[in-house]
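The values are calculated or read from the model by the stated rules, or taken from the named source; none is laboratory data. What you see is a predicted model; the values in this text were computed from it and never measured. Counting neighbours? That spans all protein chains shown, and the Cβs are built from the backbone with ideal geometry, glycine included. When the accessible area is computed, the model is the full protein with side chains, heavy atoms only, and any ligands, DNA or RNA have been set aside. Shrake-Rupley method; radii C 1.70, N 1.55, O 1.52, S 1.80 Å.
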Amino acid sequence: MAAITLSIDIGGSKIKACTLNKSGKILQEYTKVPTPQPANPKNVLGSIKELVKDFKYDRVSAGFPGYVRDGIVHTAPNLGTGYWAGINLAEELMVTLGKPARVVNDADLLGLGCVSGKGFEMMTTLGTGFGTAFYLDGKVLPHLEVAHHPIHKGQDYDAFIGEAAYNEIGKKKWNKRMQYVLSVTKTVFNYDRLYIGGGLSRKLDFKLDDNIILVNNIDGIDGGVKLWDQ
């Protein structure tokens, strides 16, 4: 019998989970709970355990909002790096849920379900901050925290085009900033295709290049399955 994958999306405001069959089809629909406060490992793991207590699954894939390497969290800007730095979240999930687990950055996970698998591709998410992920022929590349690179007058991407900036400056000015950001990323990364997701992607109101594709969470839902093929 093929493995059923539990896919978890750990966010700054919500934790979501669903189960998928080997083809990436949803078996158990997305269920969510508010991210606990404080969002420390004990509270987050407790919330996940409660959230998925009635789910049936064989393995776990999780997307985490920070820098993750080999299942270990190094930064967590929106949850609290002080809580999370050095935590082996893959191991903690395995202990908590009793199933093998893999953890990557949340943009990495979403992009795995969206990319074509051909050439050099980039995933960005527009939301609380600016998430990025990179792929070469479908293989996820080492994560870069582009969000914290200065983009304008000492502001990093998160501060320049994140949700707080959108709320402060409004849609028109934010779209001007996004045109500038996309011109920079195009020049710097020379991607074959760029995928844009996240809640704020729906606010883009200018014509995008032909190799830029807007996606949503459902488009990338099978990233949780594909993570196990990496």
His152-Lys32 pseudo-label distance in nm [points 7 Å out on the Cα-to-Cβ vector]
2.7
Placing +1 on each Lys and Arg Cβ and -1 on each Asp and Glu Cβ in the chain, then taking the dipole about the Cα centre, the residue among Gly12, Pro41, Phe64 whose Cα reaches farthest towards the positive end is Gly12
Can you give the extra length, in nm with one decimal, that the chain gains between Lys203 and His74 once fully stretched, where that is 0.36 nm per residue apart less the Cα-Cα distance?
43.4 nm
How many nm is it between the label spots at Lys171 and Asn211, if each spot is 7 Å from the Cα in line with the beta carbon?
3.0
Checking the cross-link filter: which aspartates and glutamates have an alpha carbon closer than 14 Å to that of Lys25, excluding same-chain neighbours under 8 positions apart?
Asp219, Asp222
Say R0 is 25 Å: what FRET efficiency, to the nearest 0.05, do Glu50 and Gln230 get from their beta-carbon distance?
0.30
Efficiency of FRET between Asp58 and Lys14 - r from beta-carbon atoms, R0 25 angstrom, step 0.05
0.50
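Tell me, what is the per residue accessible area of the stretch 31-164 in Å², probe radius 1.4 Å?
Averaged over the residues of the stretch 31-164, the accessible area is 45 Å².
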Rounded to the nearest 0.05, what FRET efficiency do Ala3 and Gln179 give with R0 = 45 Å and r taken as the Cβ-Cβ distance? Could you check?
0.55
Under a cut-off of 17 Å between alpha-carbon atoms, report the aspartates and glutamates in cross-link reach of Lys14, not counting same-chain residues fewer than 8 places apart.
Glu29, Glu50, Asp106, Glu163
Size of charge dipole - the chain - debye, nearest 20, with Cβ of Lys, Arg +1 and Asp, Glu -1, no other charges:
420
Starting from the Cα of Glu91, move 7 Å in the Cα-to-Cβ direction to define the label point; list residues of the stretch 42-72 whose amide nitrogen is under 12 Å from there.
71-72
Under the Karplus relation 6.51 cos²θ - 1.76 cosθ + 1.60, θ = phi - 60°, what is the ordered set of whole-Hz ³J(HN,Hα) values for the stretch 79-84, x standing for Gly and Pro?
10, x, 4, x, 6, 9
Putting +1 on Lys and Arg Cβ atoms and -1 on Asp and Glu Cβ atoms, find which of Leu126, Tyr191, Pro100 reaches farthest to the positive end of the dipole of the chain.
Leu126
Of all accessible heavy-atom area on the chain, the percent that carbon and sulfur account for (1.4 Å)
51
For the stretch 48-93, what is the charge dipole size about the Cα centre, in debye to the nearest 20, if Lys and Arg each add +1 at the Cβ and Asp and Glu each add -1 at the Cβ?
80
Summed over the other residues with a beta carbon less than 12 angstrom from that of Ala17, with K and R at +1 and D and E at -1, the charge totals +1
Quick one: if you stick a label point 7 Å off each Cα along the C-beta vector at Ala164 and Phe120, how many nm between them?
3.2
How much accessible surface area, in Å² rounded to 10, belongs to the heavy atoms of Phe189 with a 1.4 Å probe?
50
